[in-house]
1. Residue under question is residue A:6, and the condition is that it be within 22 Å of the chain's Cα centre (by Cα), within 14 Å of another protein chain (Cβ to nearest Cβ), in contact (Cβ under 8 Å) with a residue 12 or more places away in the chain and farther than 18 Å from residue A:170 by Cβ; does it hold?
2. If we keep just the residues of the range A:157-186 that are buried (at least 20 other Cβ atoms within 10 Å of the Cβ) and assigned to a helix (DSSP H, G or I), which is modelled with the lowest pLDDT?
3. Take the residues in the range A:72-126 that are closer than 20 Å to residue A:161 by Cα, in a strand (DSSP E or B) and touching a residue at least 40 places away in the same chain (Cβ under 8 Å), then tell me which one is nearest to the other protein chains (Cβ to nearest Cβ).
4. Hey, residue B:128 hits all of (1) at pLDDT 90 or above; (2) assigned to a helix (DSSP H, G or I); (3) surrounded by fewer than 20 Cβ atoms within 10 Å (Cβ to Cβ) but one; which does it fall short on?
5. May I ask you to say which residue of B:29, B:73 is in contact (Cβ under 8 Å) with a residue 40 or more places away in the chain and either closer than 30 Å to residue B:133 by Cβ or within 14 Å of chain A (Cβ to nearest Cβ) (or both)?
6. Residue by residue through the range B:131-148, note down the ones that are within 19 Å of the chain's Cα centre (by Cα) and either surrounded by fewer than 24 Cβ atoms within 10 Å (Cβ to Cβ) or over 11 Å from residue B:66 (Cα atoms) (or both).
7. Against the condition at pLDDT 80 or above and farther than 19 Å from residue B:85 by Cα, how does residue A:189 come out, does it pass?
8. Filtering the range A:267-277 down to residues that are assigned to a helix (DSSP H, G or I) and in contact with a strand residue (DSSP E or B) (Cβ under 8 Å, 6 or more places away or on another chain), which residue is modelled with the lowest pLDDT?
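The values are calculated or read from the model by the stated rules, or taken from the named source; none is laboratory data. These figures come from a predicted structure and were not determined experimentally. Ideal geometry is used to build each Cβ from the backbone, glycine not excepted, and the neighbour counts take in all protein chains shown.
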């Protein structure tokens, strides 16, 4: 096991048995990935893809049917594996009759912090998440966005080296999302590992170093953000047409490149640099004038959809 | 020491959350109204109204304590799982065993405070309208407290794996069976059939013997009580509670949180 792993998921599967007839439903199938210390890992998937189920396995909220996972090298079934972990659930909910201060004190005690340390951290975290002035109100009157702020504060009370955030930006307004991005960037700059699930790809694109894409309980892609996005990237070349370029058209058609025509231009999209070189050489041979060459960088959304399409086939 | 700190943290938070919930206050108000009604009824009776106040009062406080433990206890863990308040708690380095013990201590503490409040009201009624406060009345209150605690623990056990409706059903069934456990014992001694005898003996061993905690007759009529009559039920109550906590821990440790 690599020492640098904050999270190691090794071929976990989870089968639930539903109803009186105990109908088996596979929620996860042999999911494996690693999150290294200090990186931001976005765990992406549609609703019901298995993101929250995977997080449950990491935190021992549920046990995998097969495989195992560990946090900082400690089996996740052991409570001590969560000593350096902070977790914010999807739709965080807390005791309604307690205040933010009392909640943070409680969670601090569960981390084994002394009273002075709990007080000091609570005060700083209440400021960080912008709840000063309301810290002594019971949470029953809090909006979803405010509960998310409490959720982040409680996740940070143990000064965690690893943050596991389940759909952290789901209920936030644009301002809240902006602030949250900033907080995540700051936490990353402090050297913390951040693992977050999301179906909002824009968030992942902004902050993640690496990405995992899960679909119907199977991890369909995992890697550096640039690698995932580059799979769907290439170059677009525009040529001026000089009449009927029959030989060139035939060769291009045989290459399985994307081609489009208009009155004066031929536009070809090629997947990589070697194809670009080849296309340019062919154009010179056919006496075509190159008009523009533009690198095409796909969005994570395009890469995500492409991975899911590939998986379907 | 660390385990003790974690348990006390869970217990304190559970106690605060339970005691601030107005449902408990309403149940307390209901019990107080029942006691006042008992005093009114006692004035219409032909016998000794002072004894009737004590008799009805002790029954009302016990049953109200049981009702509070039952209705609040059956949603205790179930509610936490349904509302997902449990997720950030069990994401901390907190063993589920410590969570269960902390829950029982905190919730049991809150129920005990309400039970004590109801009994203070009863003692006030006895002091003003009854025959005063005797040691036997206090012993009766003490032993009934064990009954309330066992119902609390049973409700917690069932709420750790089933819905409130089923938990209520199981707890009420055990409460009723526990109240009539002596009848089962008598039936066993009269029953000649070996196979049903074995089943009944097993049932008798499992169900709580709430009769052991009932000294209302001795309390109302101020009859002689031996120390064993107090000590043995206390030890039995403690042993029964321990078994339930262990069972709850085993069940809850295996449970996937939805």
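1. Details: within 22 Å of the chain's Cα centre (by Cα): yes; within 14 Å of another protein chain (Cβ to nearest Cβ): no; in contact (Cβ under 8 Å) with a residue 12 or more places away in the chain: yes; farther than 18 Å from residue A:170 by Cβ: yes.
No, not satisfied.
2. Step by step, filter the range A:157-186, then rank; the result is A:180.
3. Only one residue tops the list, namely A:87.
4. (1)
5. Values: B:29 fails: in contact (Cβ under 8 Å) with a residue 40 or more places away in the chain.
The unique qualifying residue is B:73.
6. Here is the first cut: in the range B:131-148, the ones within 19 Å of the chain's Cα centre (by Cα) are B:137-148.
B:137, B:138, B:139, B:140, B:141, B:142, B:143, B:145, B:146, listed by residue number.
7. Numbers: at pLDDT 80 or above: yes; farther than 19 Å from residue B:85 by Cα: yes.
Spelling it out, residue A:189 is indeed at pLDDT 80 or above and farther than 19 Å from residue B:85 by Cα.
8. Top of the filtered list is A:273.
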